[in-house]
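Chemist: This is the structure, below, for whatever I ask next.
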Amino acid sequence: MSPRRTPVSTAVTAPSPGSTQRIHLTASGVSVVLDVTDGRSPAIAHWGAALGPLGPEGLEAVCATAVEPVPHNAVDVPLRIAIIPQQCDGWIGRPGLTGSRPDDSGWAPRLVTHAISLDGDLLTTPHAEAGAALVRADLADEELGLEIALEIELLPSGLLRQRATCTNTADVPYALEELTVSVPVPGDADELLDFAGRWSKERTPQRSAFTVGTHLRENRRGRTGADAAHVLHAGRPGFGFRHGEVWGVHTAFSGNHRHLAEQVNTGSRILGGGELLLPGEAVLDPGKSYAGPWLYASYGEGLDEVASRFHRHLRARPHHVDTDRPVTLNVWEAVYFDHDLARLTDLADRAADLGVERFVLDDGWFGSRRDDTSGLGDWTVSAEAWPGGLGPLVDHVTGRGMEFGLWFEPEMVNEDSDVARAHPEWVMAPSPDRIPLESRHQQVLNLSIPEAFAHVREQMGAVLDAYDIGYIKWDHNRDLLEAATRGTGRAAVHAQTLATYRLMDELKAAHPGLEIESCSSGGARVDLEVLERTDRVWVSDCIDPLDRHQMNRWTSQLVPLELMGSHIASGRSHTTGRLHTLDFRAASALFGHLGIEWDLTQASAEETAALRSWITLYKDRRDLLFTGDLVRADRGDSPLWLHGVVSPQRDRALFTLAAVGRSDRSQHDRLRLPGLDPEAIYRVLPLATDARTSSLIPPRWMQLARESAEDGGLLLPGAALMVSGLATPLLDPEQALLIDITRAEAS
Ligand code: DGJ
């Protein structure tokens, strides 16, 4: 039996000069209630479904009702989990801020709020309510000599983001080890979903129970990673695309980083994230600061709503790409390192004839790079491969009305390169005498060394100045193991990541309109910070449409379709060896920024004609694809996957039914098409109807729709499409069917 204890008061004495302030932000169906009781470090009393207007009393009530009881054998005040969780509040889990002074003191901070501003105006009232807004809390531990600027922003999409900047105000250094920000999640968000993966199989989902302890996804690769957590979700058990409350976080950083889901033994739960700092990477001299990355947090009823907040946020940015995403031909799988002007101009001609709008020359055009063992880092056009320079090809491509794009891998070198020979000290290494293990025969060029940065910047700038180049495919093909500045041995992943961002920013500023694709051994650099300066990601080196159905489906949990490079490759996949029909390859690639990665000289006349019509279809629908809402149907474990895009006005939609396996059943759940208007009447038209099926007679609606194709398809009420659904055609494995939906004009 528990010992009797004297009840404790829940009125906590103020530890600070600050006062009590409570703020309610609300946007797009989401509410965030910030609680700064007695000037303590800000905590989130509520993050989730919108609460409606609260007023001062309501705000007080929400904060009061969030105060947990005090159990036995814990601190004698209610536990309060701050956004930067700290032991001084009774949090026994992972602290948000860790570090120490040279004498080993200073590791137990007590941050106190000194001032709060809302969209730049100092808050002087105890209660505030606003829509989408930026709250800035100035925190300090005066005794310890630390200040934290904490930014908490609710964006118009309902996406919440938070970041913290730590400044050392004492006169001795502070060795910052970790600065993690977090959000609370309810005790019944019992199930976790995040992602793993490997080269050519990125973003594979994994579900687990949210148990006591820390589900910690640490990344020490120096890049976002093929196995990145991507978005770490906690939700009500069994949550799906369209149902179940879900809370998800994404750490927006392209270097070492972490995501975590933590439950302490009392049941309190948080999701959090931040940069993973290596020893010494953030030793703050007096007056110096460290700025952590944004932690984005998205709440929704189902995964589609979580995804839609990321998409709407990205689409609302002024620098977001337009919807005319150019059909792209990348030559990698067509020619690899075999660069030959005649062959490439022939490819360009075939591409232009098909309606391709951007032609990208991949790896192999520079230095001694005739294969992947040599020349990386020497960004001058190879006279051996390109005796006349790139001009003849660029002119040919642009003369055919296409944009020219070029591959770079700016952060890397082969040891067998002019730059590595001239500057071995620019190659990352833990000691002067030992370099890291090679990976793809390459090492990392240390862009945090100003001279190395300037060298790459100048060489790339010269190529961009010399030719009419509108697009860079920016690659990054190895992990940063033992990534240190040679000579000092100091870890340099943090500095390298920031230098890469700066290089991208400078090149873009100097070349207005330049677009960059983020590629990293395929899809190993997909995060929201690299997407602040790049215009699409390469989802994976695996273009096998079966695998791409899964990878695209989950990449789009964070990234909208227009930012996902999605190509039609040759019939036999270069990565898996599997053979697929052109229709299945194309139907898979259509939901993304479409491209081709195929030696078109090998395509038959029939394939070329089919490819042309797929390109036309993409051009006709790209406005819908890149402005519409992504919807993914919950179909249990059926191998017949259904996803689509619905226009914001719900007057147009395009769905794909894809058979990613062979079912045990010959009849399936009906196709319920999510996201439409149940009150509207739609015309329904199946496309790509040559898909193989294993039925003698197709579903009746398909027959009727075909018969009414001239009128635009079969007339059906939205409710029938959404609620009762369409009988599912019995697609054979690795076949796909498109369903085109248009609102019928009112007669
Ligand atoms: C890895 C990329 O993912 C490929 O698409 C290709 O660009 C190669 N690198 C080139 O080396």
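The values are calculated or read from the model by the stated rules, or taken from the named source; none is laboratory data. Because the structure is predicted, anything quoted here is derived from the model rather than measured. Cβ placement follows ideal geometry from the backbone for every residue including glycine, while neighbour counts extend to all protein chains displayed.
Chemist: I want to confirm something. Restricting to segment 649-672 and keeping residues that are over 23 Å from ASP583 (Cβ atoms) and not basic (Lys, Arg), which single residue is surrounded by the fewest Cβ atoms within 10 Å (Cβ to Cβ)?
Modeler: Only one residue fits best here, namely ASP664.
Chemist: Please enumerate the residues belonging to segment 399-428 that are of a type in the set (Asp, Glu) and more than 16 Å from the ligand (Cβ to nearest atom).
Modeler: GLU403, GLU415, ASP418, GLU425, listed by residue number.
Chemist: Find the residue count for segment 424-456, including only residues that are within 26 Å of the chain's Cα centre (by Cα) and of a type in the set (Lys, Arg).
Modeler: Number satisfying all stated conditions: 1.
Chemist: Would you tally the residues in segment 36-56 being free of Cβ contacts under 8 Å to residues at least 24 places away in the same chain and of a type in the set (S, T, N, Q)?
Modeler: 0
Chemist: Does TRP379 meet the test of being touching a residue at least 12 places away in the same chain (Cβ under 8 Å), farther than 25 Å from GLY522 by Cβ and in contact with a helix residue (DSSP H, G or I) (Cβ under 6 Å, 6 or more places away or on another chain)?
Modeler: no
Chemist: Filter segment 235-291 down to residues that are under 27 Å from ARG223 (Cβ atoms) and among the basic types (Lys, Arg), then give me how many there are.
Modeler: Residues meeting the conditions: 2.
Chemist: Criterion first (at pLDDT 95 or above, surrounded by fewer than 18 Cβ atoms within 10 Å (Cβ to Cβ), under 22 Å from LEU277 (Cβ atoms) and touching a Gly at 6+ places or on another chain (Cβ under 7 Å)) does ARG502 satisfy it?
Modeler: No; evaluated as a whole, the condition is false for this residue.
Chemist: Output the number of the condition that THR167 fails; it satisfies all remaining conditions of (1) in contact with a Ser or Thr (Cβ under 7 Å, 6 or more places away or on another chain); (2) assigned to a loop (DSSP other than H, G, I, E, B).
Modeler: (2)
Chemist: Does any residue of segment 465-484 turn out to be away from the ligand (no atom under 16 Å from the Cβ), over 22 Å from ALA524 (Cα atoms), at pLDDT 95 or above and in a helix (DSSP H, G or I)?
Modeler: yes
Chemist: Being among the basic types (Lys, Arg) and more than 16 Å from the ligand (Cβ to nearest atom) is the filter here; which residues of segment 541-569 pass it? Give the derivation first.
Modeler: So in segment 541-569, the residues among the basic types (Lys, Arg) come out as 548, 553.
Listed by number, the list holds a single entry, ARG553.
Chemist: Hey, among the residues in segment 308-349 that are surrounded by fewer than 18 Cβ atoms within 10 Å (Cβ to Cβ), basic (Lys, Arg) and part of a helix (DSSP H, G or I), which one's farthest from the ligand (Cβ to nearest atom)?
Modeler: The residue in question is ARG315.
Chemist: Hey, another quick one. Residues that are without any contact (Cβ under 8 Å) to a residue 60 or more places away in the chain, assigned by TED's automatic domain parsing to the domain that holds GLU301 and closer than 24 Å to THR167 by Cβ: does segment 89-99 have at least one?
Modeler: The first filter runs over segment 89-99 and keeps only residues without any contact (Cβ under 8 Å) to a residue 60 or more places away in the chain, leaving 89-90.
Remaining after also requiring assigned by TED's automatic domain parsing to the domain that holds GLU301: 89-90.
With the extra rule that they be closer than 24 Å to THR167 by Cβ, the set shrinks to 89.
Yes, some residue in segment 89-99 is without any contact (Cβ under 8 Å) to a residue 60 or more places away in the chain, assigned by TED's automatic domain parsing to the domain that holds GLU301 and closer than 24 Å to THR167 by Cβ.
Chemist: Which condition number in (1) in a loop (DSSP other than H, G, I, E, B); (2) small (Gly, Ala, Ser); (3) on the phi < 0 side of the Ramachandran plot is the one that ALA175 fails?
Modeler: So ALA175 meets the others, but not (1).
Chemist: Next up: Of the residues ARG692, ARG706, ARG683, which single one is more than 22 Å from ARG548 (Cβ to Cβ), basic (Lys, Arg) and out of contact with any helix residue (DSSP H, G or I) (no Cβ under 8 Å at 6 or more places or on another chain)? Before you say what the answer is, go through the steps one by one.
Modeler: Details: ARG692 fails: more than 22 Å from ARG548 (Cβ to Cβ); ARG683 fails: out of contact with any helix residue (DSSP H, G or I) (no Cβ under 8 Å at 6 or more places or on another chain).
Exactly one of ARG692, ARG706, ARG683 is more than 22 Å from ARG548 (Cβ to Cβ), basic (Lys, Arg) and out of contact with any helix residue (DSSP H, G or I) (no Cβ under 8 Å at 6 or more places or on another chain), namely ARG706.
Chemist: Could you tell me whether ALA705 is among the small types (Gly, Ala, Ser) and part of a strand (DSSP E or B)?
Modeler: Answer is no for this residue.
Per-residue answers, yes or no, for (1) away from the ligand (no atom under 14 Å from the Cβ); (2) closer than 27 Å to VAL327 by Cβ:
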position	(1), (2)
VAL356	yes, yes
LEU361	no, yes
PHE366	no, yes
ARG370	no, no
GLY375	no, no
ALA383	yes, no
PRO387	yes, no
GLY391	yes, yes
VAL397	yes, yes
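Yes/no matrix, rows are residues, columns are (1) surrounded by fewer than 14 Cβ atoms within 10 Å (Cβ to Cβ); (2) farther than 25 Å from GLY661 by Cβ; (3) touching a residue at least 60 places away in the same chain (Cβ under 8 Å):
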{"site": "LEU687", "(1), (2), (3)": "no, no, yes"}
{"site": "LEU696", "(1), (2), (3)": "yes, no, no"}
{"site": "MET702", "(1), (2), (3)": "no, no, no"}
{"site": "SER708", "(1), (2), (3)": "no, yes, no"}
{"site": "LEU715", "(1), (2), (3)": "no, yes, no"}
{"site": "SER724", "(1), (2), (3)": "yes, yes, no"}
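Chemist: Okay, next question. Within the group LEU546, LEU563, LEU558, LEU594, which residue is over 27 Å from MET412 (Cβ atoms), in contact (Cβ under 8 Å) with a residue 60 or more places away in the chain and crowded, with 22+ Cβ neighbours inside 10 Å?
Modeler: LEU594
Chemist: Residues in segment 136-155: is at least one part of a loop (DSSP other than H, G, I, E, B) and under 27 Å from the mean Cα position of the chain (by Cα)?
Modeler: yes
Chemist: PRO512 is checked against (1) within 16 Å of the ligand (Cβ to nearest atom); (2) assigned to a loop (DSSP other than H, G, I, E, B); (3) more than 18 Å from ASN219 (Cα to Cα) and fails just one. What number does that condition carry?
Modeler: (1)
Chemist: Quick one: GLN443 ticks every box in (1) in a helix (DSSP H, G or I); (2) within 16 Å of the ligand (Cβ to nearest atom) except a single one, so which number is it?
Modeler: Result: GLN443 passes all but (1).
Chemist: Out of (1) of a type outside the set (A, V, I, L, M, F, W, C); (2) in a helix (DSSP H, G or I); (3) under 20 Å from LEU445 (Cα atoms), the odd one out for ASP395 is which?
Modeler: ASP395 satisfies all of (1) of a type outside the set (A, V, I, L, M, F, W, C); (2) in a helix (DSSP H, G or I); (3) under 20 Å from LEU445 (Cα atoms) except (3).
Chemist: Being touching a residue at least 60 places away in the same chain (Cβ under 8 Å) and either within 16 Å of the ligand (Cβ to nearest atom) or within 26 Å of the chain's Cα centre (by Cα) (or both) narrows it down to one of ASP527, ASP505, so name that one.
Modeler: Result: ASP527 is the single residue among ASP527, ASP505 that is touching a residue at least 60 places away in the same chain (Cβ under 8 Å) and either within 16 Å of the ligand (Cβ to nearest atom) or within 26 Å of the chain's Cα centre (by Cα) (or both).
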